[in-house]
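The block underneath contains the structure these notes are about, expressed in structure tokens.
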Amino acid sequence: MNTTRFPRRVRQRAVLGSALTATLLLGGCGAEVEPDAKASEKVTVKRCGEPVEYTVPERAVAYEGGSADKLFSLGLVDHVYGYVMPPANPPVEESPWASDYAEVKMLGDDLLNKEIVVEAKSDFVVAGWNSGFKDERGITPEILDKLGIQSFMHSESCFNYPEYPEKLSPFEALYTDLDRLGKIFQIEEKADEVVAGLKERVEAVKAKAPEGDPVPVFLYDSGTDQPFTAGNQVPPNDIIRTAGGRNVFDGLDQRWTQVNWEAVAEAEPEVIMILDYGDLPAQKKIDFLRKSPHTKELPAVRKDNFFVLDYNEGISGPRNIDGLEKFAKYLRKLQS
């Protein structure tokens with residue numbers, strides 16, 4: 001059990017108790033006391049393409065590192081009750097916000113479900129569509145709405161959300177999410193500051209991008225019979241493009257998608273980006289690519305041009321920009 005969290009909550013309850021006492025005393029004297037406007041004020045913010053009314057959440061539950069990182073990067077640890085972290089995620093101790101993770105509860109180490117959220121008495125859930133939220137598992141924004149639980153979806157996952165789709169480039173989706181979360185939690189200035197910092201780092205990478213034809217890059221997520229890779233609707237596509245490369249499957253209007261080895265061979269990638277899972281390490285994937293008859297003669301494999309992208313640098317979150325900076329440095333070194 002985490003012991004660092006409770007003193008903060010005790011102090012919050014003490015402050016609320018004092019405020020309530022003062023209100024009652026003043027009320028007894030005939031004074032009119034307005035409730036805390038910020039706590040009760042509703043704001044309308046888009047959830048994918050759907051305008052939704054929100055009040056400031058106090059018991060947020062985040063699914064996966066990208067969701068938690070977005071909240072922690074905005075300084076919202078006091079509003080986070082806990083997180084659900086499936087096996088694909090690397091250890092939270094490796095996160096830039098490791099101290100924030102240590103202050104909240106780990107609620108599960110598998111997929112998000114309604115029972116976890118209800119048991120946590122959560123008032124706000126952050127996840128992606130068809131990842132954390134999924135019809136087949138019985139946890140969707142619509143279902144949570146009926147339970148009186150607010151929810152928020154990563155804009156990057158919204159392009160095929162039923163009835164309210166929204167299509168943004170992955171980096172633009174990241175900025176949009178931080179902006180919208182800033183509005184929901186009523187910390188717009190902080191959100192503006194965080195987004196401006198990320199954009200500045202992206203522009204710095206663009207300024208140093210290698211000149212000439214972009215290097216063809218194949219992202220290998222997983223799969224042996226058929227590879228799972230990145231289309232143009234996920235962060236690695238923007239990471240590759242911004243650094244000066246070209247995702248060989250950037251013509252696929254998809255998120256994570258399956259292709260065939262023949263298409264990979266025809267693309268002749270000069271670099272292979274490996275997505276490193278917590279439960280499916282990059283080295284195992286590299287070993288497979290070196291031995292497989294489908295891939296062992298690829299230019300990237302023959303030249304040993306493998307770049308490992310951390311899982312939380314590849315899913316929507318502020319660590320996308322860490323991954324961008326690392327990959328850009330790798331490409332510059334490769335072409336020097």
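Here are the numbers for the structure shown:
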| item | result |
| --- | --- |
| Filtered residues of the range 112-147 (kept if exposed (fewer than 15 other Cβ atoms within 10 Å of the Cβ) and either at pLDDT below 95 or not β-branched (Val, Ile, Thr) (or both)) | 115, 119, 121, 135, 136, 137, 138, 142, 145, 146, 147 |
| Filter result (of a type in the set (Gly, Ala, Ser) and not in a helix (DSSP H, G or I)) within the range 112-168 | 120, 122, 127, 128, 131, 132, 138, 148, 151 |
| Residue 242 in contact with a Ser or Thr (Cβ under 9 Å, 6 or more places away or on another chain) and either of a type in the set (Lys, Arg) or outside the structural domain of residue 131 (by TED's automatic domain parsing) (or both) | no |
| Exclusive hit being surrounded by fewer than 23 Cβ atoms within 10 Å (Cβ to Cβ) and within 27 Å of residue 202 (Cβ to Cβ), set 287, 322, 279 | 322 |
| Pick from the range 169-185, criterion part of a helix (DSSP H, G or I) and of a type in the set (Ser, Thr, Tyr), ranking: nearest to residue 317 (Cα to Cα) | 175 |
| One residue from 254, 258, 283 being under 24 Å from residue 93 (Cβ atoms), of a type outside the set (Ser, Thr, Tyr) and under 29 Å from the mean Cα position of the chain (by Cα) | 283 |
| The lone exception for residue 159 - which of (1) within 30 Å of residue 332 (Cα to Cα); (2) modelled with pLDDT under 95; (3) among the aromatic types (Phe, Trp, Tyr) it fails | (1) |
| Pick from the range 148-174, criterion among the acidic types (Asp, Glu) and crowded, with 16+ Cβ neighbours inside 10 Å, ranking: farthest from residue 43 (Cα to Cα) | 156 |
| Residue list for the range 294-319, filter: surrounded by 18 or more Cβ atoms within 10 Å (Cβ to Cβ) and among the basic types (Lys, Arg) | 319 |
| Scope the range 199-225; condition under 15 Å from residue 332 (Cβ atoms), hydrophobic (A, V, I, L, M, F, W, C) and modelled with pLDDT of 95 or more; matching residues | 204, 205, 207, 215, 217 |
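The values are calculated or read from the model by the stated rules, or taken from the named source; none is laboratory data. All of these numbers come straight from a predicted model, not from anything done at the bench. All Cβ positions, even for glycine, are placed from backbone atoms using ideal geometry, and neighbour counts span all protein chains on display.
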